[in-house]
Amino acid sequence: MIGYVLRRLMSICVTFFVVSVLLFVMMHAIPGGPFDAVEMPLDDAVKAKIMARYGLDQPLYVQYLKYMWGVLHFDFGIPYQSPGETVLELLGRAWIPSLVLGGAGVLIGAPLGIALGLVAALHRNSWVDYVASVISTLGLTVPVFVTSMLLILVFAVWLNWLPASGWGEPKKWILPIVAYAAIPMATYARYTRSAMLDTLNKPFVTVLRAKGLPERKIIFQHVLRNSAIPMVTVFLPMFIGTATGSIFVEAMFRVPGLGAYFVSSIETRDYPLEMALVLMITVMFCLAYFLADIAYALLNPRIRLGGRSSK
Amino acid sequence: MTQESSAIKSAKPIESIDNMLAPRNPMYYAWRRFIANRAAIASGSVLSLIILMAILAPLITPTSYEEQKFLTENLAFPSASHWFGVDDLGRDFYTRIVYGARISLSIGFVAAAFSVVIGLPLGAVAGYYGGTADWLIMRIIEIFSVVPPLLAALLLAALAGGGFGNIVLIAALFGWVQVCLLVRGQVMAFRNREFIRASQALGASPLFVIFRHLIPNSISPVIVGFVQAIPLAMMLEAGLSFLGVGIAPPTPSWGQMINIGINFMFFYWHLALFPTMALAVTVLTTTLFGDGLRDALDPTLKG
Amino acid sequence: MSPVLELRNLRKSFGMGSGFANFFGGAPQQVVAVDGVSLNVMPRKVLGLVGESGSGKSTCGLMAMRLLDVTSGEIIVNGTDITRLEPAVLKPLRKQMQIVFQDSYSSLDPMMTLSQIVAEPFVIHGMYTIQERNEIVGDLFEKVGLDRSYRSRYPHELSGGQRQRISIARALALKPDILVADEPTSALDVSVKAQVINLMHDLQEEMGLSILFISHELNVIRSLADEIAVMHNGRIVEQAPTETIFKDAQHPYTKSLLNAIPSLDARKRVRRSFMTAEEITANIPKVSQADITTTANVSTTGPQLVNVSEDHKVEAIVEG
C-alpha cells in the first residue's frame with residue numbers, strides 16, 4: 001500500500017512539473033509583452049528598465065527556474081494589473097466568490113442528486129424514475145452557460161423574482177448557485193441510481209430481506225455503502241472543478257471570482273496572474289486526483305489488502 | 001485399443017447445411033439495439049434535421065448573414081417577416097442562427113475527426129505494446145486531465161488567435177484523450193484473445209495484427225468516441241467564441257451571439273434566447289445520439 | 001530418425017509485477033512455470049502431454065510455438081534451432097508448425113468471415129491468387145467436415161465443435177509438419193469431443209502430421225496418442241508409450257491421475273483415494289543404479305528423470 005502511494009505521488013509530481021514547464025513556455029510565447037499596450041506607449045529606455053525590474057529580460061530557462069523557486073515558497077510574484085498586492089493576495093481575494101458559490105453549488109447539488117437517484121432507483125420505471133432521468137440527462141448535457149442563461153431569462157428577466165448579476169448580497173447568490181448545482185446533482189443522481197440498481201439486484205440483498213431486516217436498514221446500512229466507492233472518489237475532483245469558479249457563470253452573473261480574473265489576465269497579458277492561476281488549479285486537481293486514488297484504494301478492500309497495485 | 005476408444009473412433013461427423021438463416025455480421029445486432037432506443041432515435045431525427053438545415057442554409061434563409069439590411073428595424077422582436085427577429089446590427093436573426101449551425105456542426109465534426117486521427121493510433125499502440133509505451137501515453141493523458149481544459153484552451157486560443165482552423169485544432173487537442181482511452185481499453189481486452197495468438201503463430205507482424213484484427217474490432221469504441229467528441233468540440237468552440245477568442249464576427253457563432261445577447265438580455269431577450277436554445281438543442285441531441293450509439297454498440301462501455 | 005520437434009531443457013519463469021512496481025515495491029517474485037522439460041516428437045507420431053491445470057503443459061506448448069519467450073533451453077524444429085531467431089527469419093519457418101487452442105470462440109476473429117479466417121495464413125505469407133485461395137479454402141472446409149456453404153458465415157453462428165474444425169482448418173492450411181493442440185477438446189461436449197478427436201486422427205494419418213497433444217483428459221489422449229508424457233509442477237515425471245502408462249505406471253502422480261478417471265463401468269468403480277502433494281513427494285520411487293538403463297547421478301538430493309526400461313522414463317531418486 002505504501003508502495004502504491006509513493007508511486008502515485010512521484011507520478012503526480014512529474015506530471016505537475018511537466019505542466020509547469022509547458023505553461024511557462026506557452027505563456028511567454030504569446031507575442032507582445034505586458035508593456036506593449038498601445039495606450040501607454042513607453043519610451044524604450046523606460047521599458048527596458050521595467051522589464052529588467054520584473055526580470056523579463058533574462059533567458060527563458062532562468063526565468064523559469066527563478067519562478068519555480070518562488071512558487072515553492074508560495075511566492076507567485078506581483079500581478080501587473082494591480083501592483084499594489086501580491087498575486088497570492090489577489091487570488092485569495094478573488095477566490096472567495098468562486099468558493100462560496102461553487103462550493104455551495106456542489107454541497108447542495110450532491111445530496112439533492114443522491115436523493116433523486118435513490119428515489120428513482122426505488123421506484124424504478126415509474127414516472128418518478130423517468131422525470132429524474134430527464135433531469136439528470138439535461139443537467140449533464142446542457143452546457144453550464146446555457147443553464148445560466150435560461151435561469152437569468154426566466155427568473156430575472158421574465159419573472160423578475162431574482163437579481164441577475166453582482167455579488168454583494170445573498171439574494172444575488174441564488175441563481176449562480178443553482179447554475180453550479182446542476183452538474184453535481186445530475187452526476188450524483190446518475191451514479192446513485194445505477195449503483196443502487198446494481199446492488200439491489202445482488203443476491204446478498206435478497207438474503208438480508210429473507211432475514212427479516214427492515215427495508216430502510218437494508219438501504220442505508222448495506223446498499224448505500226456498497227455503492228459509495230465511485231461516489232466518494234469522484235467527489236473531490238468535482239468539488240475542485242466547481243469551487244474554482246466557472247468562467248462562464250462568472251461572466252454571465254458578473255461575479256468577480258477566479259474565472260473572471262483569469263479572463264482579464266489573458267486580455268492584459270498579466271503573466272504572473274495567469275501562471276499562478278493555472279498552476280494553482282492544476283495543483284489542486286493533481287492533489288484531488290491523488291487523494292481520490294488513495295481514497296479508492298483505501299475503500300476497495302481488494303486493493304487495500306491485495307498489496308500489489310493492479311496497474 | 002479398448003472398447004471405449006473404438007467406439008469413439010467410429011463416430012461420424014454430422015454436419016448439415018442450414019440455409020435458412022442468412023449470414024449476420026455482428027453489426028446487424030448493434031443496429032437492432034439502436035433502433036429500440038427511443039431517445040436515441042428521436043435525437044437522431046432532430047439532429048438530422050439540424051444538419052439538413054445547416055447544409056441547405058442558403059436555400060432556407062431570406063438573406064445572407066452579414067448583410068445589415070434591416071437597420072431601421074434594429075432589435076425587432078420575432079415577427080412574421082423575421083422569424084427570430086432582427087439583431088443589434090440590423091441583420092435577420094434567423095439567418096444568423098441557421099448559419100451558426102454550420103459553424104458549430106462543422107467544427108464539431110472536423111475536430112472529432114482529428115481527435116480520432118490522434119487518439120486511435122495512440123490508443124492502439126498503448127493497448128498492444130503495453131509496458132513503457134503504454135506508461136508514456138498514460139502519463140501524457142494524465143497531463144491533459146489535470147489541466148482544466150477550458151483554461152488551457154483559452155490560453156492557446158489567445159496565443160494562436162481565433163479562427164476556424166485554430167479552434168478545430170484546439171478542440172481536437174482536448175478531444176483525443178477520450179478516444180484514446182476507449183481504443184486502448186478495447187485493444188487491451190482483445191490483446192490476449194486467442195485469435196491474436198493464432199495470427200502471431202501464423203507469422204503475422206505486429207503491424208498486421210493491429211491493422212487486420214485489433215483495429216477492425218475496435219470500430220465500436222472509435223465510432224462512440226467520435227460521436228461523443230462532437231458535442232465536446234462544439235461546446236469548446238461556443239465557449240471560446242463567447243469569451244471572444246473563438247470565431248470572429250461577422251461569421252456567426254452561437255457562443256459569440258450569446259455573449260452579445262447578454263448585453264441586451266433585459267429588454268431584447270430574443271437575442272439571448274435563440275442562440276442559447278440552438279446550442280442547447282444541438283448539444284443535447286448529439287449527446288443523446290452518441291449515448292444511444294454507445295449503448296447499441298457496446299453496452300459494457302457505459303460509465 | 002530425427003524428431004520433428006525437439007524441446008531441450010526448457011525453462012520458463014515469470015517475474016510478477018511491472019518494472020516500475022518493483023522499483024518502489026518489494027522484491028519481485030518469481031514463478032517457475034516450466035522447470036527443465038525435454039521432449040521429442042517423432043515424425044507421424046502423436047505425443048500426449050498430460051497434467052493438471054498449472055502444471056506448465058500449456059506454457060510448454062506456447063514456448064514451442066515461440067508465442068512465449070523462453071527463459072532457457074532450446075526449441076528445435078526439423079533440425080533448426082528456432083529458440084532465438086528474429087521474427088523476420090522465423091516467419092517462413094512458422095509454416096512448419098501450427099497450433100490449435102482450447103477456446104474455440106476466442107480463437108476466431110469475430111469480425112471476419114470463416115473463409116477469411118481460414119485464408120489468413122495465405123494472406124500473411126503472400127501465397128496464391130484470390131481464385132486459388134478460394135479453391136484451397138473450400139477444400140480445407142471439406143477436409144474438416146464442414147460444408148463449403150459455410151464460407152460467408154461468422155464465428156458466432158457456429159457451435160463449439162464447428163469452430164474447432166475451423167481452427168483446425170486454419171492450422172492445416174500451410175501444411176505444417178507439427179501441430180500443437182492445446183486442450184482442443186476440453187471445452188467441448190462429450191459427443192463433440194469424439195468427433196473432433198476422430199477428425200484429428202484421420203487428418204494425422206492422411207497428412208502425415210506429428211501432433212503434440214496437450215490435455216488434462218487422459219481418456220481423450222488414450223485414443224489418439226502413441227506416447228504420453230506426464231507433467232507435474234513444471235517437470236516431466238513419467239513418459240512412456242500409451243498402453244504402458246495405463247498398465248504399468250510407476251510414478252505416484254501418474255497413478256493418482258489414472259485413479260481419477262471416471263468410469264461408467266460399475267465394476268470398475270472403486271473408492272478413489274486422492275493423493276495430496278505431500279503424499280506424492282513422499283512416495284517418489286527410489287531406484288538403484290542397477291535398475292535403470294541410463295547413467296545418472298547417484299544422489300539423494302533430488303529426483304531425476306531416468307529410464308526404467310528402453311522407452312519408459314520415470315522421475316525417481318537414484319540411490320547407490
Could you pull out the residue among A:157, A:205 that is modelled with pLDDT under 80 and under 30 Å from residue B:273 (Cα atoms)? A:157
For the stretch C:124-145, check the following and say yes or no: at least one residue is buried (at least 19 other Cβ atoms within 10 Å of the Cβ), part of a loop (DSSP other than H, G, I, E, B) and either assigned by TED's automatic domain parsing to the domain that holds residue C:192 or of a type in the set (A, V, I, L, M) (or both). yes
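Matching residues to (1) outside any helix (DSSP H, G or I); (2) within 14 Å of chain B (Cβ to nearest Cβ); (3) touching a Pro at 6+ places or on another chain (Cβ under 9 Å):
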position: A:109; (1), (2), (3): no, no, yes
position: A:116; (1), (2), (3): no, no, no
position: A:120; (1), (2), (3): no, no, no
position: A:135; (1), (2), (3): no, yes, no
position: A:139; (1), (2), (3): no, yes, yes
position: A:145; (1), (2), (3): no, yes, no
position: A:153; (1), (2), (3): no, yes, no
position: A:162; (1), (2), (3): yes, yes, no
position: A:165; (1), (2), (3): yes, yes, no
When the stretch C:227-253 is checked residue by residue, the ones that are over 17 Å from residue C:41 (Cα atoms) and surrounded by fewer than 19 Cβ atoms within 10 Å (Cβ to Cβ) are C:233, C:243, C:244, C:246, C:247, C:248
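Residue-by-condition table, conditions (1) of a type outside the set (A, V, I, L, M, F, W, C); (2) assigned to a helix (DSSP H, G or I); (3) within 12 Å of chain B (Cβ to nearest Cβ); (4) closer than 21 Å to residue C:183 by Cα:
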position: C:61; (1), (2), (3), (4): yes, yes, yes, yes
position: C:74; (1), (2), (3), (4): yes, no, no, no
position: C:89; (1), (2), (3), (4): no, yes, yes, no
position: C:98; (1), (2), (3), (4): yes, no, yes, yes
position: C:116; (1), (2), (3), (4): yes, yes, yes, no
Report, ordered by the first and then the second residue, all pairs with beta carbons closer than 8 Å, sequence separation of six or more or different chains, a first member in the stretch B:247-265 that is without any contact (Cβ under 8 Å) to a residue 24 or more places away in the chain, and a second member that is basic (Lys, Arg). none
Residue among B:219, B:247 that alone is β-branched (Val, Ile, Thr) and within 12 Å of another protein chain (Cβ to nearest Cβ): B:219
Within the stretch B:209-224, can one find any residue that is crowded, with 20+ Cβ neighbours inside 10 Å, closer than 28 Å to residue B:43 by Cα, β-branched (Val, Ile, Thr) and in contact with a Phe, Trp or Tyr (Cβ under 6 Å, 6 or more places away or on another chain)? no
Within the stretch B:25-66, residues being surrounded by 14 or more Cβ atoms within 10 Å (Cβ to Cβ) and aromatic (Phe, Trp, Tyr) number 2
Report, by residue number, each residue of the stretch A:76-86 that is under 18 Å from residue A:27 (Cα atoms) and out of contact with any Asp or Glu (no Cβ under 9 Å at 6 or more places or on another chain). A:76, A:77
Subset of the stretch B:123-161 [within 13 Å of another protein chain (Cβ to nearest Cβ), farther than 22 Å from residue A:15 by Cα and buried (at least 20 other Cβ atoms within 10 Å of the Cβ)]: B:157, B:158
Return a yes/no flag: does the stretch B:269-283 have any residue that is crowded, with 21+ Cβ neighbours inside 10 Å, within 28 Å of residue B:30 (Cβ to Cβ) and more than 14 Å from chain C (Cβ to nearest Cβ). yes
Is it the case, given these coordinates, that residue B:189 is crowded, with 18+ Cβ neighbours inside 10 Å and within 13 Å of another protein chain (Cβ to nearest Cβ)? no
What are the pairs with Cβ atoms under 6 angstrom where one residue, in the stretch A:248-270, is in contact (Cβ under 8 Å) with a residue 60 or more places away in the chain and the other, located anywhere, is of a type in the set (D, E, K, R) and surrounded by 24 or more Cβ atoms within 10 Å (Cβ to Cβ)? Sequence gap at least six, or different chains. A:257/A:250; A:259/A:250; A:260/A:250; A:265/A:274
Over the stretch C:219-244, the set of residues polar (S, T, N, Q) and not in a strand (DSSP E or B) is C:219, C:223, C:233, C:242, C:244
Which residues, counting only those in the stretch A:261-272, are of a type outside the set (Asp, Glu) and farther than 20 Å from residue A:249 by Cβ? A:268, A:269, A:271, A:272
Could you please find all residues in the stretch C:156-184 being farther than 24 Å from residue C:92 by Cα and within 9 Å of chain B (Cβ to nearest Cβ)? C:156, C:157, C:161, C:162, C:165
For the stretch B:222-236, what are the residues that are away from chain C (no Cβ under 14 Å) and either in contact with a strand residue (DSSP E or B) (Cβ under 6 Å, 6 or more places away or on another chain) or within 21 Å of residue C:109 (Cβ to Cβ) (or both)? B:224
Please work out if residue B:195 is crowded, with 22+ Cβ neighbours inside 10 Å and within 14 Å of chain C (Cβ to nearest Cβ). yes
Just checking, which of A:90, A:65 is more than 14 Å from every other protein chain (Cβ to nearest Cβ), surrounded by fewer than 14 Cβ atoms within 10 Å (Cβ to Cβ) and either more than 21 Å from residue B:281 (Cβ to Cβ) or under 24 Å from the mean Cα position of the chain (by Cα) (or both)? A:65
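The values are calculated or read from the model by the stated rules, or taken from the named source; none is laboratory data. Please read all numbers here as calculations on a predicted model, not as lab measurements. Cβ: placed from backbone, ideal geometry, glycine included. Neighbour counts: every protein chain shown.
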